[in-house]
Amino acid sequence: MDTVEHVRERLLARFPGAEVTVVPNGSPAGQHSLLISAAHALEIARYLRDEPGLAYDQCSNVTGIDWRDREVIDIVKDSQPGAPGGPPVVVERKVKRIEPGYLEVVYHLYSLARREGPVVLRLRTGNRSTAVSVPSLTPVWRSCEFQEREVFDLFGVVFTGHPDLRRILMWDGYQDHPMRKDYVEPDDYEWEPTPHGDVLTKAKRHYPAPTAPGMTNDE
Amino acid sequence: MTTTSVPSSESWLEVAPLQARDALLGLLPESLHWIASSVLAIAVLVGAFGLMFAYLTLAERKLLGRIQNRPGPNRTGWAGLLQPFADAVKALTKEDIVPRDADKVLHALAPVSLVALSLIGLAVIPFGRHLVAIELDAAVLYFFAAGAATELSIFMAGWASRNKYSLLAAMRALAQLISYEVPLLLSVVPVVLVAGTLSTTAIVAAQGGWAAGFWPHWHVLTPWGFSAFCLFMIAALAESNRSPFDLPEAESELIAGHLTEYSGFKYALFFMAEYFGMAALSAMAVTLFLGGWQAPLGWLEVLPSYVWFAAKLLALLAGFIWIRATFPRLRIDQLTRLAWKFLVPMALLNLANAAFWSLTAGWSGPLQAVRWAVSLAAVVVPFLLLSRSLFSGLGPRVYRYAPS
Amino acid sequence: MSLAFLALALVCVVTASAAMISRNLIHSALLLVLTWIGLAGLYLWAGADFVGFSQAIVYVGGVSMVVLFAVLLTRRQRDEPLVLIPEAGVGRVVAGLAATFWVAALLVPAMVVAPLVQRAGPGPTLTVKRIGELLAGPHLVAVLVVGVILTVSLIGALYLAAPVTAEDQPEWDNGGTGRDRGNQEEPS
Amino acid sequence: MFDANPAASPSARVRKVEPSSFGFQPSSVPPPAGGGGDLLEISLGPHHPSTHGVFRMNVVLDGETVVRLKPVFGYLHRNHEKLGEGTSYLGSMPYTDRLDYLNSMTNNWAYAIAVEKLAGLTVPERAEYVRVILAELTRLLNHTCLAGFLMQDCGCSGTPLMYAFRERERILDLFESLSGSRMMCNYQRFGGCRVDPTPAWLAAVAQLVDRYGPFLDEFEELLTGNEIIMARTQGVGRLPAALAVNAGVTGPMLRASGVGHDLRKVDGYGVYPRLNFRVPVGDHGDVYDRYMVRVLEMRESISLLRQALAALPGGPVLDPKAKQRGLRPKAGEAYGRIEGPKGEIGFYLVSDGTANPYRYRVRPPSFVNLTVLEDLCLGHTVADAVIILGSIDIVLGEVDR
């Protein structure tokens, strides 16, 4: 059984400049994972797949996680000059700090040849709004093709190097990413061009000019 | 129907239709007899086959149901006997939808012409000893000339619908017709060769009598005739677009193929035409190979000839239904390959076989056994060789288990 | 000239003209089929059952399919209107007149020499056997020549329609899965 | 009330993604070399007799040959995973029934395994055996249905399908008498099963197992040696082993390509290591192999059922210490997977210590197996594309989630 630390050592030996950190897992499952930097992700993935001693030839599961911005309260100890002549007084004060959230993509790798696994890889984006791209691992494992499209669709992670990055479950003209934690469900999803009271009232708010045939303003 | 006088030497059942006709015609002035007898013949044909169509749909659904462990339609009338009429009412009252961009004339013309073309072939089939609508010297040619344009109607339906599935179906229908018209006709030629005539009544008459008192002179009971019968039935399946050759309407691939854009009564007309075509080809097969209205044994002639014809016809139709319940569908390339690489060579060889049979008609005694042996070999050997090449590379496989 | 003949002739002429005028190729082809049916009717009217039914089988059942196939396979756009005569130049008119003249020069003498006469009784019925004997006897050479021509044209058609060879095979059909994505090596 | 305009929802306001290749442009299809022929673009589905649900294949045809095929899904998308984040751990159990609605028992089991890993629960031995029995019954059910549907796609007029559904009904009756529902069983619990099967129920299972072998013989006699079936399926839709592994294909489809990978052997979950069974593999990876591997798997399932019924121990079926309602696992994550009838069905759960999972992810086998659909279909005809799709064995409830 490969331990995560063992894999990490091999990766670091091969790619000295890469950042590979172990993310501990607190649950009884104890399946720790490896966080790798976007810069080396593709190389590392290729190495994991092709190195005979590792041979992680199957990427079983790809998924995203949305980690929101968190408000962290740090306790800062300041030393203020105390009473004149006396020792400085240490004052604790709480400092609010926003720890920026990020989107995380998780890959579960297995080795069919060696019957080993899983090795859990994690890739993180810079934040949740502007820096949302990570390298696509589809060139290494075809199984990522649809699953990365799904992560793109539902979380908004942009996979650079993906051959066909389109929405997959939501329709093409859709704008939002429904799996994000701050996703707000639209209230007009049941809009249809029929003159039912509530629906029509809602529809009028959204679509000022009734365009669909059969939609009358007889209420 | 020629107005000959009724022969008196036969059983009353045999001549009952003729007497009924004469009785009806007697109500009319002499000058109208010629047209009245034609109209009567058409009316009887359309009526009988219309009713048969109605109950054939029910029979097909019942039989399919039985084969598939379910009862089939059994709610309308006693044991579902009124089901065809319920279906007809439903089809008639449904909205007739024509796609906006369809070629309206062809779209409407296709089902009508298909029904008409499938029906007119029945005119030359001798349904009984005295029952044939028109007697033609070139009756066999007439039959196939009438049937030749049926796939043209299917093409019209497919093309006029302006639907991509329908268009694909139209292309398939054309390819299928070109492929299967040839073996269909080639498998008929041996019968014409041996019987020496194109008249259906003469062909049936040539199959009368028994060899050694029990072996009917039906064509199907000779080696070449059996082979030709099988080829004819395979080609007939393809001609009438029945499973396993129902590619134009392959429902798992093309939704309903050329029928996709049809609804209501036009759709029902297509169904009617399918059953008429099936019945017409089966009737022709009975006439050409199964001895027409001839009874299998002498003492069985107590039953009138048309009963025997109907029995044989229904048996063949049941065969059509059985095949539909059992076989999967071929692919279009396999369909054409079967036609060109198997049916056509078999039919050509069979023609030579029939010529041999015809030339050796005078052989008797031990030579008769030689004749049978040669003719049988001329069927079996090509069959084995051709079918092996048809299925080369295919076969059951042996599976292994992963080492654990 | 009986009523039947007139009707059949009218069908032939009208459908043939319509086939020429129609701008829809499929309609033209189907009208042409009607013309052939009319011709078969004319043969039947003349008492030539065998030729009439053969005409129907061969032309309506066979040739029409080939024509339709050719139309469907060669036309690039379903709705593209056919431009029949862009402009009537002098050269076209001259060519048309010349063609008319030659056809007339061939047909008129034939019609003069063999005028259409109404037969008193039904025509002689030819049995299949007799036709076979005639074809295999006096007209054997003609049958053979026609056979050779048909065979040659068949071979030519096969050559034209032959599947593409290995080197210009489509890119997606290169034996494996042609897409350049991920690890697609064959199992070793 | 929220601000109603969807464009104004927070995450959308922050960033809009305009990917380059929205939609499918026919003009982007490379014209096949060798000239000739118009290309015909057909949308097979979402309403089509053989797409097994609301699934669409955007197909470009040259004649009848497929030159491009793009699967389009999402018609049944209901954001199952988001629902899972909004309910408690136990509350998601009935939702898993609706994923692959043919195989609710194995979906339940995979989810239960994931939660048991996350919360560190143990399962009584009797429950493990019951789970094996139910999983193998589900496998029989799924493979029988698949074979019937596949033959329907080949053009059989319903006969194999009716035979298959007759047997399916018997298994569904068993499920109903055990769990109260035929398809939406909701039977597994964290740390065991919901109710203890009665001896009468076990006897009924034994009876069904005894008659399943003869049914398979009958079924195979009708289909396996049929020349038309062999001509239609042999050599069609070949999937090379390397591509199958790389594309994450699992289940019978992977084994038909010659890779003997079965999670029952590899992971050895439940009591499978104690039972004796073999893993059939195919050598060609075509549609026929996919069909035959499933038939052979059914025969192994029969033997597994016999062994499990014989070895079924007494005892409880549910660990009394395992908390069902109000389960709050420690913060962390777990990935649990089992060999479902369609392939590896996995659940990936992230807990933040609350009663709801922070992230609830389903790894659906049909969805991942569809990755190779275009590769399999290119160069074949429409008729082949239909049976290739049939041989992949998808259920849209699972693909779209």
Looks like the protein assembly as shown, by Cα gyration tensor root eigenvalues a ≥ b ≥ c and the a/c under 1.5 rounded cutoff (else prolate when a/b is bigger than b/c, oblate otherwise), is prolate
Would any residue of region D:338-362 have its amide N under 17 Å from a label point 7 Å out along Cα→Cβ of D:Arg325? List them or say none. D:355-356
From the mean inverse distance of alpha carbon pairs (Kirkwood) and the Cα radius of gyration, derive Rg over Rh for chain D. 0.99
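Take B:Tyr55, D:Tyr358 and sort them by solvent-accessible surface of the protein heavy atoms, 1.4 Å probe, largest at the top.
Numbers: B:Tyr55 75, D:Tyr358 25 Å².
Largest accessible area first, the residues go B:Tyr55, D:Tyr358.
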Give the Debye-formula value of log10 I(q)/I(0) at each listed q (0.12, 0.18 Å⁻¹), with one equal scatterer per alpha carbon of region B:1-148, two decimals each. -0.79, -1.16
Which residues among region D:374-401 fall inside the zone where the amide N is under 16 Å from a point 7 Å beyond the Cα of D:Arg78, along Cα→Cβ? D:395-401
What does the extension gain come out to for C:Ser17 and C:Phe69, with contour length at 0.36 nm per residue minus their alpha carbon separation? 16.5 nm
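Looking at the square roots a ≥ b ≥ c of the eigenvalues of the Cα gyration tensor of region B:219-286, which shape do they give, rounded for a/c under 1.5, prolate if a/b is larger than b/c, or oblate?
Numbers: a/c = 5.90, a/b = 2.11, b/c = 2.80.
Note, shape of region B:219-286 comes out oblate.
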So for R0 = 41 Å, FRET eff. of B:Leu303-D:Arg211 from the Cβ-Cβ r, to 0.05, ends up at 0.35
More than 14 Å apart - percent of Cα-Cα pairs taken over region A:68-113: 70 percent
Cα lying deepest toward the dipole's positive end in region A:67-198, options A:Leu165, A:Gly82, A:Tyr107, charges on Cβ: A:Gly82
Answer with one residue from B:Ala280, B:Val189, B:Phe265: the one whose Cα lies farthest towards the positive end of the charge dipole of region B:12-332, charges on Cβ with Lys, Arg +1 and Asp, Glu -1. B:Phe265
Rounded to the nearest 100 Å², what's the accessible area chains A and C bury against each other, both chains counted, probe 1.4 Å? 500 Å²
What does the charge dipole of the protein assembly as shown about its Cα centre add up to, to the nearest 20 debye, if the Cβ of each Lys and Arg holds +1 and the Cβ of each Asp and Glu holds -1? 1320 debye
Which residues does the label zone of B:Ala16 cover in region B:106-138, counting backbone N under 18 Å from a point 7 Å along Cα→Cβ? B:127-132
How much area per residue is accessible in region B:12-332 when the probe is 1.4 Å and only protein heavy atoms are counted (Å²)? 38 Å²
Using a 1.4 angstrom probe on protein heavy atoms only, which residues from region D:305-334 are buried by at least 30 Å² of accessible area when all chains are present rather than their own chain alone? D:Lys330, D:Glu333
Considering only Cα-Cα distances, which of the following residue pairs are longer than 27 Å: B:Lys90/D:Lys70; D:Lys82/D:Lys323; B:Lys266/D:Lys70; B:Lys312/B:Lys341; B:Lys164/D:Lys70; D:Lys70/D:Lys117? B:Lys90/D:Lys70; B:Lys266/D:Lys70; B:Lys312/B:Lys341; D:Lys70/D:Lys117
Stokes-Einstein D for region A:1-125, Kirkwood Rh over Cα pairs, 4 °C, 1.567 mPa s (µm²/s): 75 µm²/s
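Rounded to the nearest 100 Å², what is the sum over both chains of accessible area buried where A meets D, with a probe of 1.4 Å?
Numbers: alone 13170 and 17040 Å², together 24800 Å².
Using a 1.4 Å probe on protein heavy atoms, the buried area is about 5400 Å².
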Cβ charges +1 (Lys, Arg) and -1 (Asp, Glu), total dipole of region D:173-275, debye: 520 debye
R0 = 45 Å: FRET efficiency of B:Ala205 with C:Thr151, Cβ-based, nearest 0.05? 0.75
Distance in nm between B:Trp78 and A:Glu185 label points, each 7 Å along Cα→Cβ, equals 5.9 nm
Mean-position separation - Cα centroids, region A:59-86 and region B:86-116, in angstrom: 75 Å
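Using a Förster radius of 25 Å, what is the FRET efficiency between C:Arg130 and C:Leu158 based on their Cβ-Cβ separation? Nearest 0.05, please. Kindly include the intermediate steps, with their values, before the conclusion.
Numbers: r = 35 Å, r/R0 = 1.41.
FRET efficiency, C:Arg130 to C:Leu158: 0.10.
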Would you mind calculating the relative contact order of chain D from Cα pairs under 8 angstrom and at least 6 residues apart, reporting the percent as a whole number? 25 percent
Using a 10 angstrom cutoff on alpha carbons, build the Gaussian network for chain D and name the most mobile of D:Gly251, D:Gly155, D:Gly285. D:Gly155
Could you give the nm distance between label points at C:Ala142 and B:Ile42, where each point is 7 Å from its Cα heading toward the beta carbon? 3.7 nm
Can you compute the charge dipole magnitude of region D:333-401 about its Cα centre, using +1 on each Lys and Arg Cβ and -1 on each Asp and Glu Cβ, nothing else charged? Give it in debye, rounded to the nearest 20. 240 debye
Is the C-alpha gyration tensor of region B:312-353 telling us rounded, prolate or oblate? Criteria: a/c under 1.5 is rounded; beyond that, a/b larger than b/c is prolate, otherwise oblate. oblate
Computing the accessible area with a 1.4 Å probe over protein heavy atoms, can you report the carbon and sulfur percentage for the protein assembly as shown? 64 percent
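Work the Kirkwood hydrodynamic radius out for region B:12-332: mean of 1/r over every pair of different alpha-carbon atoms, inverted, in Å.
Working: mean 1/r = 0.0480 Å⁻¹.
Hydrodynamic radius (Kirkwood, Cα pairs) of region B:12-332 is 20.8 Å.
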Residue among D:Val317, B:Leu56, C:Leu8 farthest towards the positive dipole end of the protein assembly as shown, charges placed on Cβ: D:Val317
Across region D:279-292, in residue order, what do the Karplus-derived ³J(HN,Hα) couplings come to in whole Hz, using 6.51 cos²θ - 1.76 cosθ + 1.60 with θ = phi - 60° and x for Gly and Pro? 10, x, 10, x, 9, 9, x, 9, 4, 4, 5, 5, 5, 5
So how far, in whole Å, is the C-alpha centre of region B:298-329 from the one of region D:203-275? 41 Å
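The values are calculated or read from the model by the stated rules, or taken from the named source; none is laboratory data. Computed from a predicted structure; not experimentally measured. Here Cβ is always computed from backbone atoms with ideal geometry, including for glycine, and neighbour counts include all displayed protein chains. Calculation scope for accessible area: heavy atoms of the full protein, side chains included, ligands and nucleic acids excluded. Shrake-Rupley method; radii C 1.70, N 1.55, O 1.52, S 1.80 Å.
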